[in-house]
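Chemist: One structure is given below, represented as structure tokens, and several questions about it will come after.
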Amino acid sequence: MVVRRILFGAAVLLSVNFVPGYTQDFGYDGTSGPNFWGKTFHNCVGKHQSPIDIELTDVKVKKFPPLKFENFDMALEKVILKNNGHTVVLTVAEGQLPSVSGGPLEGTYLFAQLHFHWGKNDLEGSENLINNHSFPLELHMVFYKSSYNDFLHAANHSDGLTVLSYLFEAVESENHRYDKFEEELVKVQNLGATAEVHDFVPVQQFIIDDKDAYFTYLGSLTTPPCSEVVIWIEFRQTVPLSHDQIQTFRQLSGTHGRLEHNFRPIQPLFDRVIYMNSGSYTYIKYTAFLLTILGIMCQ
């Protein structure tokens with residue numbers, strides 16, 4: 001039992017410091033910004049980089065097996081929140097790990113951590129775009145393939161990681177599912193600050209319930225070392241969050257003052273294919289139908 005706890009603790013430290021923040025030698029402005037990452041981290045100028053712009057006219061529709069979420073609805077026994085200077089990272093220190101399988105994934109992937117990306121205002125902030133449209137906030141839930149035993153080994157394989165990505169919409173009313181997280185977020189505003197929380201909310205609190213409407217593509221970590229080892233699953237339905245709740249993220253301190261923005265610009269798609277689950281196709285067609293009806297009514 002002692003050995004197991006030591007190994008689990010080591011895995012937590014690796015996931016906190018690997019992505020984002022595996023290395024501290026990068027930033028989002030000036031000579032440490034994304035345009036210069038490739039000089040030190042050669043993967044950052046690869047052909048399968050993330051994030052990307054998802055153009056709906058270019059995606060291919062494909063029916064995937066249902067995504068299966070395990071332990072997403074269970075309270076987290078003990079979590080650690082950390083301001084690593086690039087974002088806020090949440091890891092599970094004790095208790096059962098959430099896992100995901102199905103969809104475009106072969107095998108089971110275990111939860112490593114979650115973190116966020118945001119911008120200076122509500123008009124930008126997300127890393128992945130849809131039809132060249134940016135969103136104010138993006139959540140990345142990072143998982144590693146269980147057959148590779150731990151995060152560090154998984155990060156050396158082309159199918160080692162998957163990221164469940166959720167885009168946010170700024171609204172007037174607060175999303176009370178985020179109350180507990182926001183309460184803890186203010187405790188880690190300072191660079192390097194950590195907060196240990198017991199009996200935390202399930203990860204399901206962070207996301208939307210629809211598991212069918214998503215895009216998927218092969219990509220990379222969006223921070224150095226930019227390893228091309230990620231199966232991206234980008235959900236179409238947005239998560240609502242109030243302007244004030246989003247503003248709380250911009251209060252975090254980074255290496256050079258307020259961490260007002262931490263998103264990487266989109267990267268070329270090159271030869272990659274973006275797939276849209278058939279459930280996404282139904283959702284988008286229905287949305288297009290409603291927009292057409294509204295257009296007719298407004299004439």
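Chemist: Name every residue in segment 56-74 that is out of contact with any strand residue (DSSP E or B) (no Cβ under 8 Å at 6 or more places or on another chain), without any contact (Cβ under 8 Å) to a residue 60 or more places away in the chain and either under 24 Å from residue 107 (Cβ atoms) or buried (at least 19 other Cβ atoms within 10 Å of the Cβ) (or both), in order of residue number.
Modeler: Passing the criteria: only 65.
Chemist: Within the set of pairs 6+ apart or on separate chains, which have a first residue in segment 213-242 that is within 18 Å of residue 100 (Cα to Cα) and among the aromatic types (Phe, Trp, Tyr), a second that is modelled with pLDDT under 95 and outside any strand (DSSP E or B), and C-beta atoms under 6 Å apart?
Modeler: These pairs meet every condition: 214/280.
Chemist: Which residue pairs have Cβ atoms under 9 Å apart, sit 6 or more places apart or on different chains, and have a first residue in segment 171-187 that is part of a strand (DSSP E or B) and a second that is surrounded by 14 or more Cβ atoms within 10 Å (Cβ to Cβ) and small (Gly, Ala, Ser)?
Modeler: 171/242
Chemist: Would segment 190-205 turn up any residue that is outside any strand (DSSP E or B), under 14 Å from the mean Cα position of the chain (by Cα) and crowded, with 22+ Cβ neighbours inside 10 Å?
Modeler: yes
Chemist: I need the full set of residues from segment 142-166 which are without any contact (Cβ under 8 Å) to a residue 60 or more places away in the chain, of a type outside the set (Phe, Trp, Tyr) and outside any helix (DSSP H, G or I), in order please.
Modeler: Hits for segment 142-166 are 145, 149.
Chemist: Looking for something modelled with pLDDT under 95, part of a helix (DSSP H, G or I), touching a strand residue (DSSP E or B) at 6+ places or on another chain (Cβ under 8 Å) and not basic (Lys, Arg) - is there at least one such residue anywhere in segment 256-278?
Modeler: Scanning segment 256-278 turns up at least one residue that is modelled with pLDDT under 95, part of a helix (DSSP H, G or I), touching a strand residue (DSSP E or B) at 6+ places or on another chain (Cβ under 8 Å) and not basic (Lys, Arg).
Chemist: Just give me the residues in segment 57-66 being assigned to a loop (DSSP other than H, G, I, E, B) and either among the aromatic types (Phe, Trp, Tyr) or at pLDDT 95 or above (or both), in sequence order.
Modeler: Residues of segment 57-66 that are assigned to a loop (DSSP other than H, G, I, E, B), as a first pass: 57-59, 63-66.
Correct list: 59, 63, 64, 65, 66.
Conditions tested, residue by residue: (1) within 22 Å of residue 231 (Cα to Cα); (2) touching a residue at least 24 places away in the same chain (Cβ under 8 Å); (3) not hydroxyl-bearing (Ser, Thr, Tyr).
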| site | (1), (2), (3) |
| --- | --- |
| 48 | yes, yes, yes |
| 54 | yes, yes, yes |
| 76 | no, yes, yes |
| 80 | no, yes, yes |
| 84 | no, yes, yes |
| 101 | yes, yes, no |
| 105 | yes, yes, yes |
| 113 | yes, yes, yes |
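Chemist: Taking the stated definitions as given, is residue 250 among the charged types (D, E, K, R), crowded, with 22+ Cβ neighbours inside 10 Å and either at pLDDT 95 or above or in contact with a Lys or Arg (Cβ under 7 Å, 6 or more places away or on another chain) (or both)? Spell out the reasoning first.
Modeler: Working: among the charged types (D, E, K, R): yes; crowded, with 22+ Cβ neighbours inside 10 Å: no; either at pLDDT 95 or above or in contact with a Lys or Arg (Cβ under 7 Å, 6 or more places away or on another chain) (or both): yes.
No.
Chemist: Would you mind telling me which numbered condition in (1) under 18 Å from residue 230 (Cβ atoms); (2) assigned to a loop (DSSP other than H, G, I, E, B) residue 122 fails?
Modeler: (1)
Chemist: Can you confirm whether segment 79-100 contains a residue that is within 30 Å of residue 190 (Cβ to Cβ) and in contact with a Pro (Cβ under 6 Å, 6 or more places away or on another chain)?
Modeler: yes
Chemist: OK, next. Do we find that residue 97 is at pLDDT 95 or above and either among the charged types (D, E, K, R) or part of a strand (DSSP E or B) (or both) in this structure? Walk me through how you get there before you give the answer.
Modeler: Details: at pLDDT 95 or above: yes; either among the charged types (D, E, K, R) or part of a strand (DSSP E or B) (or both): no.
No: the conditions fail for residue 97.
Chemist: Mind listing whichever residues of segment 145-188 are small (Gly, Ala, Ser), touching a helix residue (DSSP H, G or I) at 6+ places or on another chain (Cβ under 8 Å) and either surrounded by fewer than 18 Cβ atoms within 10 Å (Cβ to Cβ) or closer than 24 Å to residue 221 by Cα (or both)? Steps first, answer last, please.
Modeler: Our first condition is that a residue be small (Gly, Ala, Ser); within segment 145-188, this holds for 146-147, 154-155, 158, 160, 165, 170, 173.
If we keep only those that are touching a helix residue (DSSP H, G or I) at 6+ places or on another chain (Cβ under 8 Å) as well, we get 154-155, 160, 170.
Those that are small (Gly, Ala, Ser), touching a helix residue (DSSP H, G or I) at 6+ places or on another chain (Cβ under 8 Å) and either surrounded by fewer than 18 Cβ atoms within 10 Å (Cβ to Cβ) or closer than 24 Å to residue 221 by Cα (or both): 154, 155, 160.
The values are calculated or read from the model by the stated rules, or taken from the named source; none is laboratory data. Fair warning: this is a prediction, and the values are worked out from it, not measured in the lab. Glycine also receives a Cβ, built like all others from the backbone with ideal geometry; neighbour counts cover every protein chain displayed.
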